[in-house]
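The values are calculated or read from the model by the stated rules, or taken from the named source; none is laboratory data. Just so you know, these numbers come straight off a predicted model, no measurement behind them. Please note: Cβ atoms are built from the backbone with ideal geometry, for glycine as well, and neighbour counts cover all protein chains shown. Note: accessible area is taken over every heavy atom of the protein model, side chains too, but ligands, DNA and RNA are not part of it. Shrake-Rupley method; radii C 1.70, N 1.55, O 1.52, S 1.80 Å.
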Amino acid sequence: MTRPESAAQPALERHEVLGLRSPLTPRQTAARARRFGALYYADMWIRRMRGYQGTVLMTAIGTPLVYLLGMGTGLAVLIDGNSNAGFPGGDGSTVSYLVFLGPALVATAALMVSSEENTYTVMGGFKWHRTYYGPNASPISSGQIALGHVLGVTVRILLTTGLYYLFLVLFGAVVQPATGWLMIFTALLAGLAFGMPLLAFSSTLKEDKGQFAMVQRFIVMPLFLFSGTFFPLESLPLAVRWIGWISPLWHSTELGRVLSYGHPEPAAMTAVHLVYLLVLTVGGLVLARRNFTRRLDG
Amino acid sequence: MSIENRTAPTVLVPQDRFLGSLYGRNIRAVIARGLKATWGTNWSIMVSGFVEPVLYLVAMGIGLGALVGAVSGPGGQEMEYANFIAPALLAVSAMNGAVYDSTMNVFFKLHYSRLYEGMLSTPLGPLDVAMGEIFLALLRGALYATGFTAVMGAMGLITSPWALLMIPAAVVIAFGFASFGMAVTSYMKTFQQLDWVQMIMLPMFLLSATFYPLSVYPEAVQSVIQALPLWHGVELLRQISVGIFSWGTAGHLLYFVVMIVLGLTLTTNRLRALFLK
């Protein structure tokens with residue numbers, strides 16, 4: 001349908017000539033921002049991430065390769081050759097060290113990405129680059145900014161865990177692919193269950209006086225090493241085994257093992273893992289949103 | 001202007017002395033400044049740096065040791081897994097400390113705080129700056145190596161008095177990495193390029209016969225690993241830790257001596273190219 005041309009009518013706007021939707025009024029734009037603000041912020045977060053996409057891809061591809069080659073094949077030669085070591089799979093079978101290790105590596109990768117993006121990036125948002133303040137001057141609320149940040153981090157974690165899972169399949173480290181792919185999401189839960197409380201902490205910091213280095217050294221590292229990642233938690237003495245019990249990494253890894261090769265475990269325990277991870281995630285997110293609101297609107 | 005000014009320039013640098021244009025004979029000024037700056041801001045981070053290899057030693061030595069059992073060490077003798085990985089972890093920690101100090105820290109001082117420009121506008125030369133920075137990194141490395149060796153002793157992992165020599169050997173390894181790291185940093189333009197350093201160190205850490213003997217690899221892979229500096233560091237410390245030496249020991253040491261000389265030459269040239277054009 002074409003409009004009748006007449007001299008009385010004003011010249012057509014560019015978007016009308018192109019047959020596009022008419023632009024929103026400022027009021028409509030604001031209403032939209034209020035509704036989808038978190039997605040808008042996540043969109044910006046992801047675009048900013050493209051500024052360091054080389055690093056993102058390198059960690060998402062290089063790290064799995066190196067760990068799978070180094071630990072999954074090199075160390076596995078020693079461990080699988082040792083008769084004392086056997087990892088129980090489903091139905092009384094045993095699985096190889098590589099299969100045992102796989103879910104732990106995916107969850108670890110999620111944790112590492114999360115610990116990076118919920119520390120320095122947050123400090124960048126509040127202080128170094130002040131990326132939170134522009135959106136906060138628009139109709140987007142501070143709670144939506146917090147949520148948008150979390151969505152952005154979630155996308156990066158999923159990229160990492162998804163690629164990692166593909167590598168595991170290529171290395172033949174997944175016994176049950178039908179359920180195994182779900183470890184992409186249980187690993188994400190490890191990242192979020194650790195990342196949300198960390199985000200709540202980071203959003204209170206006014207200055208980095210080495211707190212992030214301390215978090216890395218005294219929390220992330222011990223969690224990585226004592227969460228039954230490279231060996232069953234039971235190999236450790238009780239004095240340090242509790243680190244695994246409180247570690248999101250251990251709970252997520254155990255879920256991944258059940259999904260990947262049918263690691264024998266009572267269903268109640270599986271439920272405990274899930275609930276623990278969800279409680280940490282939701283609790284941390286609530287705290288983080290509160291801190292964002294206090295700091296940006298206060 | 002006046003003729004005197006054109007014909008009699010003031011010579012500030014004693015160019016008749018060996019390396020006179022590069023070296024102001026005042027490394028201690030750079031070191032003193034570094035110590036003061038460290039103590040003023042982040043000594044707790046510095047001191048706690050030795051925790052990481054200790055955590056690896058406890059976790060892997062006990063947990064993984066239960067799975068692996070005994071491993072064949074230098075001279076083919078069987079050894080406990082914790083004894084096997086402890087010297088390797090010390091070598092890794094020497095590498096990590098030296099590389100972080102000479103890349104991240106140096107990069108920051110080079111491009112953000114512009115510390116070296118200030119230093120080089122005094123009678124200090126690029127060699128003073130390079131040697132001073134490297135000395136600081138080595139001091140830190142020596143501190144960590146001593147702490148780690150003490151923990152090894154406490155865990156009952158020291159079986160030979162030779163093991164004390166691991167401390168100076170770790171410093172030699174750190175020297176090799178630090179002198180090279182600084183040269184590499186001088187080519188870097190952005191922060192993101194530092195991530196590539198990380199991506200070189202992680203494979204070296206995991207693949208350099210740190211957690212298992214070289215013999216698990218096929219022949220072709222073995223020779224690639226043997227070309228890497230960390231493998232020489234790991235082997236050197238592993239031999240020292242049990243006091244079993246061979247011609248290989250001298251070879252490993254020689255590798256690091258060459259690395260140090262090459263790295264220092266390159267670093268000094270680069271600093272001169274950057275600042276004294």
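Looking at the range A:76-94, which of its residues are assigned to a helix (DSSP H, G or I), more than 7 Å from chain B (Cβ to nearest Cβ) and either at pLDDT 90 or above or on the phi < 0 side of the Ramachandran plot (or both)? A:ALA76, A:ASP80, A:GLY90, listed by residue number.
The residue that is farthest from the other protein chains (Cβ to nearest Cβ), among those in the range B:181-197 that are in contact (Cβ under 8 Å) with a residue 12 or more places away in the chain and not in a helix (DSSP H, G or I), is B:SER186.
Could you say which residue among A:VAL169, A:VAL106 is free of Cβ contacts under 8 Å to residues at least 60 places away in the same chain and in a helix (DSSP H, G or I)? Please lay out each step first, then the result.
On the way: A:VAL106 fails: free of Cβ contacts under 8 Å to residues at least 60 places away in the same chain.
On inspection, the qualifying residue turns out to be A:VAL169.
Within the range B:36-49, residues that are farther than 14 Å from A:ALA213 by Cα and facing chain A (nearest Cβ under 10 Å) reach no partner that is open to solvent by less than 40 Å² (accessible area, probe 1.4 Å) and in a helix (DSSP H, G or I) with beta carbons closer than 8 Å at six or more positions or on different chains. Note on the range B:242-258: residues that are part of a helix (DSSP H, G or I), modelled with pLDDT under 95 and touching a Gly at 6+ places or on another chain (Cβ under 9 Å) amount to 1. Does the range A:228-280 hold any residues that are open to solvent by less than 10 Å² (accessible area, probe 1.4 Å), within 13 Å of A:PHE100 (Cα to Cα) and of a type outside the set (A, V, I, L, M), and which are they? Result: A:GLY228, A:THR229, A:PHE230, A:PHE231, A:THR253, A:GLY256, A:ARG257, A:SER260, A:TYR261. Scanning the range A:172-211 for residues that are within 14 Å of chain B (Cβ to nearest Cβ) and either open to solvent by less than 10 Å² (accessible area, probe 1.4 Å) or part of a loop (DSSP other than H, G, I, E, B) (or both) yields a count of 4.
Taking the criterion of being without any contact (Cβ under 8 Å) to a residue 24 or more places away in the chain and more than 9 Å from chain B (Cβ to nearest Cβ), the residues of the range A:44-75 that qualify are A:ARG47, A:ARG50, A:GLN53, A:LEU57.
Which residue is farthest from the other protein chains (Cβ to nearest Cβ), if the candidates are limited to the range A:237-264 and must be outside any helix (DSSP H, G or I) and closer than 22 Å to B:ALA66 by Cα? So that I can check it myself, show each step before the final result.
Our first condition is that a residue be outside any helix (DSSP H, G or I); within the range A:237-264, this holds for A:237, A:247, A:262-264.
Keeping just the survivors that are closer than 22 Å to B:ALA66 by Cα gives A:237, A:247, A:263-264.
Working: A:PRO237: 7, A:SER247: 12, A:HIS263: 16, A:PRO264: 18 Å.
In this case the residue turns out to be A:PRO264.
The set of residues in the range B:196-228 that are over 14 Å from A:GLY74 (Cα atoms) and either in contact with a strand residue (DSSP E or B) (Cβ under 7 Å, 6 or more places away or on another chain) or open to solvent by less than 20 Å² (accessible area, probe 1.4 Å) (or both) contains only B:MET201. Sub-6 Å Cβ pairs linking a first residue in the range A:213-236 that is more than 7 Å from chain B (Cβ to nearest Cβ) to a second residue that is open to solvent by 30 Å² or more (accessible area, probe 1.4 Å), at least 6 apart or interchain, are A:LEU233/A:ARG241, ordered by first then second residue. Residue check: B:ILE200 meets all listed conditions (1) farther than 22 Å from B:PHE148 by Cβ; (2) not in a helix (DSSP H, G or I) but one, namely (2). Of the numbered criteria (1) more than 26 Å from B:THR210 (Cα to Cα); (2) open to solvent by 50 Å² or more (accessible area, probe 1.4 Å); (3) touching a Phe, Trp or Tyr at 6+ places or on another chain (Cβ under 7 Å), the one A:GLY92 fails is (3). Restricting attention to the range A:125-142, the residues that are in contact (Cβ under 8 Å) with a residue 40 or more places away in the chain, out of contact with any Leu (no Cβ under 9 Å at 6 or more places or on another chain) and assigned to a helix (DSSP H, G or I) total 1.
Run down B:ALA178, B:ALA150 and say which single residue is assigned to a helix (DSSP H, G or I) and open to solvent by less than 30 Å² (accessible area, probe 1.4 Å). Full working, then the answer.
Details: B:ALA150 fails: open to solvent by less than 30 Å² (accessible area, probe 1.4 Å).
Exactly one of B:ALA178, B:ALA150 is assigned to a helix (DSSP H, G or I) and open to solvent by less than 30 Å² (accessible area, probe 1.4 Å), namely B:ALA178.
Within the range B:50-94, the residues that satisfy the criterion of being facing chain A (nearest Cβ under 8 Å), under 28 Å from B:PHE175 (Cα atoms) and open to solvent by 10 Å² or more (accessible area, probe 1.4 Å) are B:VAL51, B:GLU52, B:LEU55, B:TYR56, B:VAL58.
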